[in-house]
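**Q** Have a look at this one.
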């Protein structure tokens, strides 16, 4: 049970919800690694060869690159600066598709091969030679996770908003670590990059689900570096990064930085880069917001600001009914966001 369950008082007859077993990487030992966890090379439908793609991320200050080509495993060694993780983007059959041949996708990290026949509905399989693109499917996500777990691999659901994945189809699946909450390519191309609604639905249902942010790079000029995940790893190794992804020891962003989060007695304190708003989000109406500027709302206390009056640290007092989960969102002056995992 989370410490939050004991905070606040419920009205007579209210049932206290069971809390998500959350995490706080900001209090853990290790180092922060900037990770590219969804990106494509010429092994599938990207425009850079794997070794050149790793170099491009190295030049942008990334520490970890997982090339997630479609149904193909890009083999690329780590460099002195960048740690590479063997990965892929695979698919599964949606039970209630919106249109024919629709399937969903997942990202899998720490694999050593890709199955020739994952057992899904071949009516959903196809190839696009012009774009060097291939789709195969597992019968469902749970089957894909079971296959991945034979290698100790970690699975995250890819871009559910972009896919328009039916929520009921997601809630029935088991074993995945979490979902890709932010996808930079989906955000830039179609405005469907933020899958927070799917994430909140999982958390509100009592599912322990973590989040990641990515750029889903195919064309580096447009997409590279438009989203990333900051992983708190015990050391700079494949095993440590996989452990961190499995356990949610990360935050993710397409702009702001979260410097620290601390859960203190009856409160949550957040330190961040300059922000217009800091949100403590939860199920239903139980969240809190602190915003500066015209019409700014302050359901908490601003502890510090920068020279222009933007927030750099806040405190939320938890003086109301307990909730199933709480997570932090930081919004900068340009509307870009950073997200914590559930605390």
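No lab work stands behind these numbers, since they all come straight from the coordinates. Given the structure is predicted, the values throughout are model-derived calculations rather than measurements. FYI the Cβ positions are ideal-geometry reconstructions off the backbone, even for glycines, and counts take in every protein chain you see.
**Q** Please find the FRET efficiency linking residue 113 to residue 219, where r is the Cβ-Cβ separation and R0 is fixed at 30 Å, and quote it to the nearest 0.05.
**A** Numbers: r = 28 Å, r/R0 = 0.94.
It comes out at approximately 0.60.
**Q** Could you give the length gained on full extension between residue 299 and residue 80, defined as 0.36 nm per residue of separation minus the Cα-Cα distance, in nm?
**A** Working: separation 219, 0.36 × 219 = 78.84 nm, distance 4.61 nm.
Working it through step by step, the gained length comes to 74.2 nm.
**Q** Turning to a different aspect of this structure: Using a Gaussian network model of the chain with C-alpha springs under 10 Å, which one of 297, 192, 72 is most mobile by mean-square fluctuation?
**A** 297
**Q** In vacuum, with every alpha carbon of the stretch 120-226 counted as one equal point scatterer, what does the Debye formula give for log10 I(q)/I(0) at q = 0.13, 0.22 Å⁻¹? Two decimals, please.
**A** -0.55, -1.31
**Q** Using 0.36 nm per residue, how much length does the chain from residue 285 to residue 317 gain when fully extended, once their Cα-Cα distance is taken away? Spell out each step's value before the answer.
**A** On the way: separation 32, 0.36 × 32 = 11.52 nm, distance 1.57 nm.
Gain in length upon complete extension: 10.0 nm.
**Q** While we're looking at this one, here's another question. Could you work out the relative contact order of the stretch 29-248? I mean the mean sequence separation of Cα pairs under 8 Å and 6+ apart, divided by the number of residues, in percent. Intermediate values should be presented prior to the final figure.
**A** Details: 513 pairs, mean separation 49.4, N = 220.
Answer for the stretch 29-248 is 22 percent.
**Q** Of the DSSP beta bridges with both residues in the stretch 29-248, give the percent that are antiparallel, rounding to the nearest 5. Present the calculation step by step, with values, prior to reporting the outcome.
**A** Details: 20 of 35 bridges.
The antiparallel proportion sits near 55 percent.
**Q** For the residue pair residue 205 and residue 59, what label-to-label distance in nm results when each label sits 7 Å from Cα along the Cα-to-beta-carbon direction?
**A** Inter-label distance under the simple model: 4.3 nm.
**Q** Also, quick follow-up: With a point put 7 Å past each Cα toward its Cβ, work out how far residue 47 is from residue 192 in nm, to one decimal.
**A** 2.2
**Q** Using only the alpha carbons, work out the radius of gyration and Dmax of the stretch 64-103 in angstrom.
**A** Here Rg and the maximum Cα pair distance are 15.0, 46 Å.
**Q** Evaluated at 10 °C with a viscosity of 1.306 mPa s, what Stokes-Einstein diffusion coefficient in µm²/s does the chain have when Rh comes from the Kirkwood expression over alpha-carbon pairs?
**A** On the way: Rh = 20.6 Å.
Estimated via Stokes-Einstein, D reaches 77 µm²/s.
**Q** A further question on this structure: On alpha-carbon atoms, Rg over Rh for the stretch 16-156 using Kirkwood Rh? Let's see the in-between values first.
**A** Numbers: Rg = 17.0 Å, Rh = 16.6 Å.
Dividing the radius of gyration by the Kirkwood radius yields 1.03.
**Q** Working out 0.36 nm times the residue gap between residue 122 and residue 98, then minus their Cα-Cα distance, what length gain in nm do you get to one decimal?
**A** Details: separation 24, 0.36 × 24 = 8.64 nm, distance 1.74 nm.
Difference between extended and current length: 6.9 nm.
**Q** Efficiency by 1/(1 + (r/R0)^6): what FRET value for residue 131 and residue 333, r their Cβ-Cβ distance, R0 = 51 Å, to the nearest 0.05?
**A** Working: r = 38 Å, r/R0 = 0.74.
Efficiency computed from Cβ-Cβ geometry: 0.85.
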